[in-house]
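Working notes, beginning with the structure itself.
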Amino acid sequence: MMDKSLLLLCALLAAPPAFACGMTSKLTPLEQVAGGTTVDDASGELPAPVVVVTEIVRGIGSSHANCDDTGLLSMNVQWPRGKYKLRDVGFEFSVVSGGSVYPIFPQGPQQAPVDGRTSDFLFMWRDGPPAQQKAF
């Protein structure tokens with residue numbers, strides 16, 4: 001029995017990691033509430049948030065198992081005081097000038113964990129090692 005356990009342990013240690021990067025962005029799609037207000041219905045009542053890009057990190061290697069090939073884009077959204085609460089709105093992100101070869105932004109309005117009047121959005125993409133990366 002001991003020999004079989006030792007053999008299994010050796011096989012597991014020698015096998016290349018086949019699992020994916022375990023990082024998560026903690027973003028969730030905005031759930032539309034029946035009878036809720038949309039941007040079109042708000043008719044100028046929605047104030048503009050302050051959005052700050054806090055960090056851009058490019059991939060450093062080719063291993064997806066330990067997230068070395070993952071690019072990161074962090075943004076902080078500060079919501080002004082007003083009629084609507086940050087937990088009640090979602091944000092849609094897109095590339096508005098040029099293009100992107102990477103699928104960075106999810107489709108539709110998103111929400112991130114809320115801390116008072118701020119939310120930190122983390123976007124991830126498979127970036128690859130520096131030699132294989134493309135410009136934004």
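The values are calculated or read from the model by the stated rules, or taken from the named source; none is laboratory data. The shown structure was predicted, so the numbers you read here are calculated from the model rather than taken from an experiment. Please note: Cβ atoms are built from the backbone with ideal geometry, for glycine as well, and neighbour counts cover all protein chains shown.
Numbers at a glance
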{"read-out": "Cross-chain or 6+ apart pairs with Cβ under 6 Å, the range 116-136 first and within 17 Å of residue 55 (Cβ to Cβ), then among the β-branched types (Val, Ile, Thr) and surrounded by 16 or more Cβ atoms within 10 Å (Cβ to Cβ)", "value": "119/77; 123/104; 124/70; 125/104"}
{"read-out": "Matching residues in the range 118-131 - criterion: being modelled with pLDDT under 95 and farther than 12 Å from residue 102 by Cβ", "value": "129, 130, 131"}
{"read-out": "Pair list, Cβ under 9 Å, 6 or more apart: the range 20-34 residue at positive phi, other residue part of a loop (DSSP other than H, G, I, E, B) and surrounded by 10 or more Cβ atoms within 10 Å (Cβ to Cβ)", "value": "26/112; 26/113"}
{"read-out": "Filter result (under 17 Å from residue 53 (Cβ atoms), part of a loop (DSSP other than H, G, I, E, B) and either over 17 Å from the mean Cα position of the chain (by Cα) or among the hydrophobic types (A, V, I, L, M, F, W, C) (or both)) within the range 90-99", "value": "93, 95, 96, 97, 98"}
{"read-out": "Neighbours by Cβ (under 7 Å, 6+ apart or cross-chain): first from the range 86-106, more than 19 Å from residue 70 (Cα to Cα); second surrounded by 12 or more Cβ atoms within 10 Å (Cβ to Cβ) and charged (D, E, K, R)", "value": "86/117"}
{"read-out": "Top-ranked residue in the range 50-74 [being at pLDDT below 95 and of a type in the set (S, T, N, Q); ranked as farthest from residue 23 (Cα to Cα)]", "value": "62"}
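Quick grid of which residues meet (1) of a type outside the set (Ser, Thr, Tyr); (2) out of contact with any Asp or Glu (no Cβ under 9 Å at 6 or more places or on another chain); (3) assigned to a strand (DSSP E or B); (4) farther than 23 Å from residue 31 by Cβ:
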site: 74; (1), (2), (3), (4): no, no, yes, yes
site: 77; (1), (2), (3), (4): yes, no, yes, no
site: 101; (1), (2), (3), (4): yes, yes, no, yes
site: 125; (1), (2), (3), (4): yes, yes, yes, yes
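Rundown of residues vs (1) of a type in the set (Gly, Ala, Ser); (2) within 12 Å of the chain's Cα centre (by Cα), yes/no style:
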| position | (1), (2) |
| --- | --- |
| 78 | no, no |
| 88 | no, no |
| 107 | no, yes |
| 117 | no, no |
| 123 | no, yes |
| 131 | yes, no |
